[in-house]
Amino acid sequence: MLRSTHPLAPQRGIATVLILLLVGLSLSAAVFGTAHYIRSHQQQDVAAHAQTQAQMKAWTGAELVRQYLQQLQDSGQLAALYAKAPPFDLTLSGDGVTSAVLARITATDSTAKTVTARITGVTAPDSSAEARSVLEVVYGAEAGSPSTPRPSVLTYNRNLKLGGSITVHR
């Protein structure tokens, strides 16, 4: 019987197998990490898009409520709105308005001639991309002739944050 002069000769392939195994595991970890990174960024993009749409719907609702109050004022029916006990919902209709824009009159003050409304814009309801944006708006409804010019003054309360380039034109 011949004996091998190299006692470790039967174990030569094990080191190669271990190196290939470690390289394979590290490549798998890199691929899974990249997939997770891409998926999380896609979810952030969907959330940002949905929130933008919800904000647009809320502001559209704010304009529709303003137009509704203007119609009531023009037709002399604003007193009936002040007589109604809040809170109550308004049904909004118009171009591009669906059930995803909700408006609720939360307070009225016939002395100060103000109407407070909470307007909610909803995007993709009952889905993973659902987003909601809520505005609370105080409208000043003046009695008198609708042709009376009003001062163009905006008053914002509670944590207003504006950014970017903002230009106000008169």
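The values are calculated or read from the model by the stated rules, or taken from the named source; none is laboratory data. Computed from a predicted model, the values in this text were never measured in an experiment. FYI the Cβ positions are ideal-geometry reconstructions off the backbone, even for glycines, and counts take in every protein chain you see. Heavy atoms of the whole protein, side chains included, go into the accessibility calculation; ligands, DNA and RNA do not. Shrake-Rupley method; radii C 1.70, N 1.55, O 1.52, S 1.80 Å.
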- Note on the structure: Note, P87: beta-carbon cut-off 15 Å, +1 each Lys/Arg, -1 each Asp/Glu, net 0
- Message: Whole-Hz ³J(HN,Hα) for each residue in region 116-125, computed from phi via Karplus 6.51 cos²θ - 1.76 cosθ + 1.60 with θ = phi - 60°, x for glycine and proline: what do you get?
- Response: 9, 10, 10, 10, 10, x, 10, 10, 6, x
- Note on the structure: Quick tally, 1.4 Å probe accessible area for R118, R39, R158, sorted with the most first, runs R158, R39, R118
- Note on the structure: The set of residues whose placed amide H lies less than 5 Å from the amide H of A100, leaving out same-chain residues fewer than 5 positions away, is none
- Message: Quick query: amide H of T114 versus all other amide H atoms, modeled in the peptide plane; which residues come in under 5 Å with a sequence gap of 5 or more or a different chain?
- Response: D109, A141
- Task: With all protein chains present, calculate the accessible area of E136 using a 1.4 Å probe and round the result to the nearest 10 Å².
- Result: 90 Å²
- Message: Would region 40-99 count as rounded, prolate or oblate if I go by the C-alpha gyration tensor, calling it rounded below 1.5 in a/c and otherwise prolate when a/b exceeds b/c, oblate otherwise?
- Response: prolate
- Query: By the scheme Lys and Arg +1, Asp and Glu -1, what is the net charge of all other residues having a beta-carbon under 12 Å from that of E136?
  - Reply: +3
